[in-house]
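Data block below; observations after.
The values are calculated or read from the model by the stated rules, or taken from the named source; none is laboratory data. Please read these numbers as outputs of a predicted model, since none were measured by experiment. Neighbour counts run over all protein chains shown; Cβ positions are idealised from the backbone, glycine included. Accessible surface areas use protein heavy atoms only, side chains included; no ligands, DNA or RNA. Shrake-Rupley method; radii C 1.70, N 1.55, O 1.52, S 1.80 Å.
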Amino acid sequence: MKYFISLLLILASTAFSQESVVLTGTVQDASTKERLASANLRVLGTSQGTVANADGVYRLILWPGKRAIIVSSIGYKPDTLHVILTTDEARNVALTPSEIILPEVVVSSEDPAIEIIRRAIANKRKWIERLKNYEMDAFTRQVLKRDTSIASITESFTKGYWQQGDTLREIIKQKRQTENIKSEFNFASVGRIVNFNDHEVRFIGYLFVGPTAVDALEYYDYKLLRTRASFGKEIYEIKMIPRTRTTPLFEGIINIAGDSYALMGVDVRPNEAFSLPFVKEKALRYRQQFGLYESSYWMPADIRIDVSAKISVMGISIPPIGFTQTSVITNYTINTTIPDSIFKKPRLTVDSVAVIKFDSTFWQANTALPLTLEEQQAYKTLDSTQTLDVQFRRGGFSIGFGVGDNKSFSLLKNLDVSFNRVEGFHLGGKVVLDSLNALAEARAGFAYGFSDKRTKYNFGATLFTSPQRKLGFGADVYRIVDYRPDAGYYGALYNSITSLSVRNDYRDYYEAEGWRAFVTFKPSNKHQGELSFISEDHSSVLQNSDFSLFARSRSYRINPPINDGRLRGLRLNVRIGEDPLPFEIVRRNSIEIHTEYSNKNIGSDFSFNRIWATGTLTVPTFSRSLLFPQALTLRLSAGTSDGDVPAQRLFDLESASSNYAPFGVMRAMDVKEFNGTSFIALNLEHNFRSLPFLALGIPFLYENNIELILHGSFAQSWSKPQYSITPTIQPNASVLTNSIRTTSGWYSEIGFGFSRIFDLLRADFTWRLSEPGNFRFTLGIANLF
């Protein structure tokens, strides 16, 4: 069937190409002979037309017969090209600069542009409110450049639909691309038609104040540059100048029609409030021309976006990127009947015919925007070996420090290497087999501690009820060196580094030997959990290593003993929210709940209940027009327990470790300074982004996306008087104590920080308000988005 459809398309396109004719040529300045890029051509009495390319070359596919084609370009007198077409024809057009009308000199403190903008604001509703919907045809070409050379080209013909209260829906009818791009990665489309007549103009995630917004005069200064005559009307050329750096605004030139006070054209750039992560030395230009349809509606005839940027992260850089998008929009049908089913589709869909086969005859017959000489050469020379990852290989000091081939990386993944003060060097291997069968996962690990001279092992498997792995049943048997539960801010790698370098081991350890059986469930990406039954023999372990590479004069914290015995019970862990990303580079709202129940009636040596929960919430506060608005982030953690809680199940207040402090810890608190059988902790911070530095006019800071953060933390821990935790002390353990040390009232600290230093780092300055008061400097990883 697909071959039959392809054959019909070829026959139809061939028939069309035989009956239609092609009008080509150039548009240039009549006096200077300079080619006029993006000159507008429209067939009189229709919505059919095109624009010239960057070389001033145009191409129109027309039916034979007599035609009148209006050729226009902002700043030039329009001309009408009269042709009688029977065969393909070439016609060049020379446009004369339009006359500049000298206004009557009136002495006034107000620029004439201000009154023009007032009228534009007052008059735009006359036609915008009558625009209910439209259909249109569009051709889009996207060109990606590496330095100054073309890296790829993607093109498409789309059918677009728009209605009030919705966004543009596009269906790709045909597409093509250079050979180094796979068809499925060709996303060329209009994407979004920016209406500069709107009060708020959404562009690349930012919400800009429109040139004719109701409150535009509060945000922009306007200056009338000149008045030209075009189409028998006055055209006002106005310069718009942002009044502030802290609000997303445009700066550049707008053209307003003298009779309707509608926008005829824009040539603008965003102001300093526009910034993107990791983008240095950026430049963005947005140009658009509008045409009058049905004597009432000023609709976009084209969209031209030019971007150049240099991307660098911590010295890792890629060659400068250039990107251009040109969209030619024609064949408007305004206020028509559009099926509701169209607006139930995604914003961009691909017609099944478009993916069957590339149709060269279609492109020959329908090209709306001629290729430039450089683009023609790119189609000839870019082959499948010149993929984007090859062309944009990173540069900078990091070149040559990659991981290596995939086999080497797999080997590293199977190593189990760490260091702590109990085991010393922990060396072993681990393997997870999760791709042999969609319904099963097997895992195994074996390691040896060179200081405690003990072997550790872990063997387990999980069986899933479906390939989607939404529900699974599993079991593990193990002997490991475990540690008192914490929030997981510091992993084994970081803890090994701080132990070896400065003798700071954040965790408190004990040995656990036994088994567990569990049920895991993940009904969606935002809901997951695990219910398990554990049976473990817990025993205290000693500090067996005093090794350190550097801090020879320091001593490790004593590893405290626990309550030895068998712990049997139920655990339930539930998370609502997406999985956290490493280092929380993207904050995600979530709630986590952890409960544990143990009772002597099921063979446990302990009877207790334990529950703790933590919730994270980020709320945009000010400047919501920004891509990343200022935001307040809160994290509330709390836990409580009752019964004969063993020492290994105490709650510890989380603190900084070796001057590294992620969000959620007490930055000015010492490691394991406070604990208890219950606790509550609140961390909050407000990220002001780069707005303070924009307001103060400090380019070095806002151009490098440096952010200002204010933060504070409050916590309290306590223990019920009737609880008496007496850990088992091994005979050869000296001065081992495990007394509960709770906070005396509320612990509190406040401070400020700077984020995105060298793109990825964060530095905080924190004052501890609780006794003993102190000042602490810490580093962290920046929250990037």
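Partner lysines whose Cα lies under 16 Å from the Cα of residue 280, excluding those fewer than 8 positions away in the same chain, are identified as 310.
Prolate is the label for region 40-125. Its Cα gyration tensor axes, ordered a ≥ b ≥ c, give a/c of at least 1.5 and a/b above b/c.
What lysines sit close enough to residue 77 to cross-link, taking a C-alpha to C-alpha distance under 18 Å and skipping anything fewer than 8 places away on the same chain? Partners found: 33, 233.
Taking all protein chains in place and a 1.4 Å probe, what share, in percent, of the accessible surface of the chain do carbon and sulfur account for?
58
Against the chain, whose longest principal axis comes from its Cα atoms, helix 112-123 is set at around 80 degrees.
Annotation: amide H-H contacts under 5 Å for residue 132 (H modelled 1.01 Å from N, sequence separation of 5 or more, or interchain): 335. For the pair residue 82 and residue 164, label points projected 7 Å from Cα toward Cβ lie 4.2 nm apart. With contacts taken as Cα pairs under 8 Å and at least 6 residues apart, the chain reaches a relative contact order of 8 percent.
Between 0 and 90 degrees, the angle of helix 2-19 with respect to the longest Cα principal axis of the chain falls at about 30 degrees.
One chain, two ends: residue 376 and residue 89. Fully extended at 0.36 nm per residue, the span grows by 101.2 nm beyond their Cα-Cα distance. Computed 3J(HN,Hα) for region 55-69, one whole-Hz value per residue from the Karplus formula 6.51 cos²θ - 1.76 cosθ + 1.60 where θ = phi - 60°, is 8, x, 9, 10, 8, 10, 9, 9, 6, x, x, 8, 9, 10, 10, glycine and proline marked x. Based on protein heavy atoms only, region 194-349 ends up with 41 Å² per residue of surface accessible to a 1.4 Å probe. Each Cα pair under 8 Å and six or more residues apart adds its separation to the average, and for region 489-596 the resulting relative contact order is 27 percent. The Stokes-Einstein estimate for region 740-785, based on a Kirkwood radius over Cα pairs and taken at 25 °C with 0.890 mPa s viscosity, is a diffusion coefficient of 203 µm²/s. The overall shape of region 286-356 is oblate: from the C-alpha gyration tensor, with semi-axes ordered a ≥ b ≥ c, the ratio a/c is 1.5 or greater and a/b is no larger than b/c.
Taking Cα atoms only, the orientation of helix 492-502 departs from the longest principal axis of the chain by about 70 degrees.
The residues of region 458-592 expose, per residue, 49 Å² of accessible area to a 1.4 Å probe. When only Cα pairs below 8 angstrom with a gap of at least 6 residues are kept, region 272-320 shows a relative contact order of 36 percent. Checking the a/c ratio against 1.5 first, then a/b against b/c, what shape does the Cα gyration tensor give for region 147-219? Oblate.
Which part of region 495-537 falls in the paramagnetic zone of residue 477, meaning amide N under 19 Å from the point 7 Å along Cα-to-beta-carbon? Taking a point 7 Å out along Cα→Cβ of residue 477, the residues of region 495-537 whose backbone N falls under 19 Å are 512-519, 533-537. Remark on residue 230: its backbone amide H falls under 5 Å from those of 235, a criterion applied only to residues 5 or more positions apart or on other chains, H modelled at 1.01 Å from N. Applied to region 613-623, the Karplus parametrisation 6.51 cos²θ - 1.76 cosθ + 1.60 on θ = phi - 60° returns per-residue 3J(HN,Hα) values of 9, 9, x, 10, 9, 10, 10, x, 10, 10, 6 Hz, with x for Gly and Pro.
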